[in-house]
Amino acid sequence: MLGVGVHPLSKTQLLDTILNWAGSDEQRVISHVNVHGMNLARRNERFRNSVEAADLVFCDGYGVLWGAGQLGHEIPERLAVMDWIDDLVDRIASTNLSIFLLGDE
């Protein structure tokens, strides 16, 4: 949508992917987009390139979810970080992994 690819993931698929990648030595970049991010990517080439370079981009907004549906693409659910971060931390607690989060708010 608007030149930005979004992976159609459920919360379980997102968490499984994060934990699988966290257990490997390979570095990965996970990003998210909402409508504001889509608009920024459309106008700002540097931002768009950073999102496109991510290994995984998930839907973080109902506007993206709705827009994808209007274009005939199915995204199972909106994955706002606040809706899954506690589950991720709980799952990490039962492993030998640690977590570092970089972001705002």
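Rule-based calculations on the coordinates, nothing more; no lab input. This structure is a prediction, so every number in the text was calculated from the model and none was measured. All Cβ positions, glycine included, derive from the backbone under ideal geometry; neighbour counts span all protein chains shown.
Set against the labelled values (i) 40, 27, 25; (ii) 44, 31, 19; (iii) 54, 30, 29, Cα extents along the principal axes in Å computed from this structure falls on (i).
Tell me which trypsin sites (Lys or Arg not before Pro) from the chain have a DSSP coil assignment and no more than 13 other beta carbons within 10 Å of their own.
Numbers: sites: 11, 28, 42, 43, 46, 48, 78, 91; in loops: 28, 78.
For trypsin sites (Lys or Arg not before Pro) across the chain that sit outside H, G, I, E and B with at most 13 neighbouring Cβ atoms in 10 Å, the list reads 28.
Could you identify which residue out of 29, 51, 64 has the top mean-square fluctuation in a GNM of the chain using Cα springs shorter than 10 Å? Maximum fluctuation in the GNM of the chain, among the listed residues, is at 29.
Couplings for segment 49-55, taken from phi via the Karplus curve 6.51 cos²θ - 1.76 cosθ + 1.60 with θ = phi - 60°, read 4, 5, 5, 5, 7, 5, 6 Hz in order; Gly and Pro are left as x. When +1 charges are put on Lys and Arg Cβ atoms and -1 charges on Asp and Glu Cβ atoms, the dipole computed for the chain relative to its Cα centre reaches about 420 debye. Taking 54, 22, 93 as the candidate residues, the one with maximal mean-square fluctuation in a Gaussian network model of the chain, Cα springs under 10 Å, is 93. Applying both filters, DSSP loop and at most 14 other Cβ atoms within 10 Å, to the chymotrypsin sites (Phe, Trp or Tyr not before Pro) of the chain gives 100. Mind checking which of 80, 61, 19 is farthest towards the positive end of the chain's charge dipole, using Cβ charges of +1 (Lys, Arg) and -1 (Asp, Glu) about the Cα centre? Going by the Cα projections, it comes out as 61. For segment 16-99, the set of GluC sites (Glu not before Pro) satisfying both a DSSP loop assignment and a count of at most 11 other C-beta atoms within 10 Å is given as 26, 74. GNM on the chain, alpha-carbon springs under 10 angstrom: the most fluctuating residue among 87, 16, 25 is 25.
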